[in-house]
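**Student:** Got a structure here, written out as structure tokens. Questions coming.
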Amino acid sequence: MKIHFVADDKHPKGGVAVIKLKEHYGQAPLKGADFIVVLGGDGMMLHSLHDLHMAHVPVYGMNLGNVGFLMNTYHPDGLVERLKRAVPFRIYPLLMDVITTDGRAVTAHAFNEVSLMRQTHQAAKIRLWIDGIMRMGEVISDGLLVSTPMGSTAYNFSNNGPILPIDAKLLALTPISPFRPRSWRGALLNHKADIVLEIILPEIRGVSAVADFIEVRNAARVHIKEDRTKSVTLLFDPEHDLSERILREQFLS
């Protein structure tokens, strides 16, 4: 079995752990590897998905961080057996296309969420289009975010957005600190939805568009849709079933 290990060398535990694992299992080159094993936390996993998804190799994480929602428990022994019995989940990212106030076009992908955030003391004003139909003429808030099922337990949930089952063919559209309309708390959209967020008065009420950790400032128009041409396969131990973890998150006090 050919394993390619990835770790944050600056992590206090990551550097030591990856050296031991490479000594025990070897370090296969990325091209031709059967599995990629990521050591760290959820942040490290998210960065690795952006860096490595084009390799088309299943990714298995082992937690050296805090929450480790996307990671399995760290155990250096028995890794080959764990990889053989791991449960796969296919994840598709969102594609974000941004037009800025100076006419630049920027594209980025997001495995967790695309979020729009105000850049100044003034609230953002955003017009919302779904599948070519204007659904809301003006949302006044600190911003809006569109989340995948994988990302629904992260920033989306902290903004009172719904947690989505990992295999749900849905996206969560959630306002960030909404002011008007007061009664609107977001929407669930089909995963095929074509979403356009048009910033009203962007030169005055500046807005940043962020795909996971990739930020584009001074956005004027943001187009978001699921990209089925790209995907990554995440692997989880059967006892660390991602579907069960997402379900369990909804009942935690």
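Residue by residue, here is whether (1) polar (S, T, N, Q); (2) touching a residue at least 12 places away in the same chain (Cβ under 8 Å); (3) within 20 Å of ILE133 (Cα to Cα) holds:
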{"residue": "LYS169", "(1), (2), (3)": "no, yes, no"}
{"residue": "ASP194", "(1), (2), (3)": "no, yes, yes"}
{"residue": "ALA220", "(1), (2), (3)": "no, yes, yes"}
{"residue": "ARG228", "(1), (2), (3)": "no, yes, no"}
{"residue": "SER231", "(1), (2), (3)": "yes, yes, no"}
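Per-residue answers, yes or no, for (1) touching a residue at least 12 places away in the same chain (Cβ under 8 Å); (2) crowded, with 22+ Cβ neighbours inside 10 Å:
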site: ALA28; (1), (2): yes, no
site: VAL38; (1), (2): yes, yes
site: LEU52; (1), (2): yes, no
site: LEU64; (1), (2): yes, yes
site: GLU81; (1), (2): no, no
site: PHE111; (1), (2): yes, yes
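**Student:** Which condition breaks for ASP237 when tested against (1) in contact with a Lys or Arg (Cβ under 7 Å, 6 or more places away or on another chain); (2) assigned by TED's automatic domain parsing to the domain that holds GLU113?
**Tutor:** Only one criterion in (1) in contact with a Lys or Arg (Cβ under 7 Å, 6 or more places away or on another chain); (2) assigned by TED's automatic domain parsing to the domain that holds GLU113 is unmet by ASP237, namely (2).
**Student:** May I pose another question? Please go through the range 102-147 and pick out each residue that is closer than 14 Å to GLU198 by Cα, under 24 Å from the mean Cα position of the chain (by Cα) and of a type outside the set (A, V, I, L, M, F, W, C).
**Tutor:** Result: SER115, ARG118, ARG127, ASP131, SER141, GLY143.
**Student:** Check every one of the strands (runs of 3 or more DSSP E) wholly within the range 140-200 and list those with 1 or more residues that are of a type outside the set (A, V, I, L, M) and crowded, with 22+ Cβ neighbours inside 10 Å.
**Tutor:** 143-147, 170-176
**Student:** What are the residue pairs meeting all of these: first residue in the range 85-104, first residue within 16 Å of GLU215 (Cα to Cα), second residue exposed (fewer than 12 other Cβ atoms within 10 Å of the Cβ) and among the aliphatic types (A, V, I, L, M), Cβ atoms under 6 Å, and 6 or more apart or on different chains?
**Tutor:** Sorted first by the residue in the range 85-104, then by its partner, the pairs are ILE99/ALA105.
**Student:** Give the number of residues within the range 147-170 that are of a type in the set (A, V, I, L, M, F, W, C) and more than 19 Å from PHE69 (Cα to Cα).
**Tutor:** 1
The values are calculated or read from the model by the stated rules, or taken from the named source; none is laboratory data. Being a predicted model, the structure only gives us computed values, none of them experimental. For neighbour counting, all protein chains shown are included, and Cβ atoms are generated from backbone atoms with ideal geometry for every residue, glycine included.
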